[in-house]
Structures are given as C-alpha cells and as structure tokens.
Amino acid sequence: MTDDHVIGAVFFDVDGTLVPGTSSSVHLAGSLGHRAEPAAAEDAYAAGTVDNRQVSELDAAGWTGATEARVRGLLDELPLVTGMAETVAWCRDRRLVPVLATLAWSPVGGYPAERFGFQAFSGPTLETVDGRYTGRVATHFDEYDKRDFALAQARALGLDPRRCGAVGDSRSDLPLFASVGLSVAFNASPGARSAASATVDGGDLCGVLPMLERLTGAG
C-alpha cells in the first residue's frame, strides 16, 4: 500500500485489546517468575497512583537473565484476540493503514506486527547484553509518547489525525483517543468508554469493523 493510496490509519492497542483479559507483561511474567509484581503495578497504573515509568522499571527487573530467544518462544503462547488477521486484512483492503500503538515492550509489539502485518509498532525497550536482558529499561515510553508516535505515523502517511482511528481499552489510550477522529473502546474500562466515540464488547476484534467503516466514508 503506497502512501498516495492511503485514506486513513487505525491505531490498535495491545494489552487488554489484542491480548484479551490480561496484559502481555503479566502473561510473560508468569513464565519468568514474577507475575505478582507487574499485576499489582498495572492495577496501580490503572487507578492512576503510579506512572508507566514505575511499572516498567518494576517489570524489567523480573526479566533479568532471560534470553531474547526464550522470550521469543514465550510469545508463541501469548493469548490473542480472535479476528486479528481478518481485521488487518479488512483495513488494508479499504486503504486504512493498521498500526500498533502500545505501551507493551518492543519484543511484544514486534510479534503481532510481524505475524499479522501491522505497518509499525511502538513501545518501551529493554536493555540487553549478549542476548540477555539486564533487568533495566533502555527506553521509557508512556501514554503521551504513544499518542505522539501515532500522530507521527499519521504525518508520515500524509494524513490528518481526523482521518485516523484508535482502538483501545484503558488509561493508556486516553491521550490518543482525544487526538484522532474516531476512537473505539473495545472491552474497555469505564474511563476509556466515556472518552471514546464508540464502544464495542465481544470476543472477536472484527466487532470493531462497523465502527471503523466510518473512516472510509461509508459508515
């Protein structure tokens, strides 16, 4: 899809949206042996009592010594929402560029991007030395960085943000919801629902497609 044929973009969240009912960090932490810590930290983030920097630093510590190869293998077990491949194909068929705008670690964002064909992905990065994670954050990334990443993607495609949509479920999506023309709260928190243009619940990501149709001028 070349830029001159693009009519819009859709920015998809990962944790709680494409990874239903949990987050990639909590799922991976269960295998890496520190599940309780990120789960509690993410609850505190959702309540607004800590920021994403604090959550990332706590979770990163639990990755200490894990190899990049092991994490890649664990990602094959990541629970993913039904209908992702169909949704990406639908977007591309209608000249809407599918992008991952997420606070998930970069190895996590890279996994569905490669597997399903998302155009790009965002996220914080972990420090590695000789193929092993050190337990330190290399690059922090918060909900405002997420918004700025999405807006930069729109600019690179020559798109007005009003021609773009966002699909998400929680606090980390709110700045982006406020910056695009269409926002869809998918299986979302009360705060995300109240901030969104539309709300969809269900077990299949294809449920958002009637809402995204608005970006094509047909909805």
**Positions within segment 1-46 being aliphatic (A, V, I, L, M) and within 30 Å of Thr216 (Cβ to Cβ), in sequence order** = Met1, Val6, Ile7, Ala9, Val10, Val14, Leu18, Val19
**Prompt:** Considering Arg132, Arg115, Arg95, Arg136, which residue is on the phi > 0 side of the Ramachandran plot, out of contact with any Phe, Trp or Tyr (no Cβ under 8 Å at 6 or more places or on another chain) and surrounded by fewer than 18 Cβ atoms within 10 Å (Cβ to Cβ)?
**Reply:** Arg95
**Message:** Just checking, does segment 168-184 include any residue being in a helix (DSSP H, G or I), in contact (Cβ under 8 Å) with a residue 60 or more places away in the chain and open to solvent by 60 Å² or more (accessible area, probe 1.4 Å)?
**Reply:** yes
**Fill in**
Per the list (1) out of contact with any helix residue (DSSP H, G or I) (no Cβ under 7 Å at 6 or more places or on another chain); (2) open to solvent by less than 60 Å² (accessible area, probe 1.4 Å), residue check on Pro161 breaks on (1)
**Complete:** Only one of Arg193, Arg171 is basic (Lys, Arg), under 13 Å from the mean Cα position of the chain (by Cα) and under 21 Å from Pro20 (Cα atoms), namely Arg171
**Set Glu57, Glu77: member being charged (D, E, K, R), open to solvent by 40 Å² or more (accessible area, probe 1.4 Å) and not in a loop (DSSP other than H, G, I, E, B)** = Glu57
**Message:** I'm checking my understanding of the structure. Among residues of segment 146-157 that are within 23 Å of Ser197 (Cβ to Cβ) and more than 13 Å from the chain's Cα centre (by Cα), which one is least open to solvent (accessible area, probe 1.4 Å)?
**Reply:** Ala154
**Prompt:** Does segment 29-48 contain any residue that is in a loop (DSSP other than H, G, I, E, B), of a type in the set (Gly, Ala, Ser), in contact with a helix residue (DSSP H, G or I) (Cβ under 9 Å, 6 or more places away or on another chain) and surrounded by fewer than 19 Cβ atoms within 10 Å (Cβ to Cβ)?
**Reply:** yes
**Item:** Only one of Trp63, Trp90 that is of a type in the set (Phe, Trp, Tyr), surrounded by 14 or more Cβ atoms within 10 Å (Cβ to Cβ), assigned to a helix (DSSP H, G or I) and over 12 Å from the mean Cα position of the chain (by Cα)
**Value:** Trp90
**Prompt:** Has segment 132-145 got any residue that is more than 14 Å from the chain's Cα centre (by Cα) and more than 22 Å from Val26 (Cβ to Cβ)?
**Reply:** no
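The values are calculated or read from the model by the stated rules, or taken from the named source; none is laboratory data. Everything numeric here is computed off the predicted structure, so don't read it as measured data. No Cβ is skipped: glycine too gets one built from the backbone with ideal geometry, and neighbour counts run over all protein chains shown. Side chains are part of the model used for accessible areas, which takes the heavy atoms of the whole protein and leaves out ligands, DNA and RNA. Shrake-Rupley method; radii C 1.70, N 1.55, O 1.52, S 1.80 Å.
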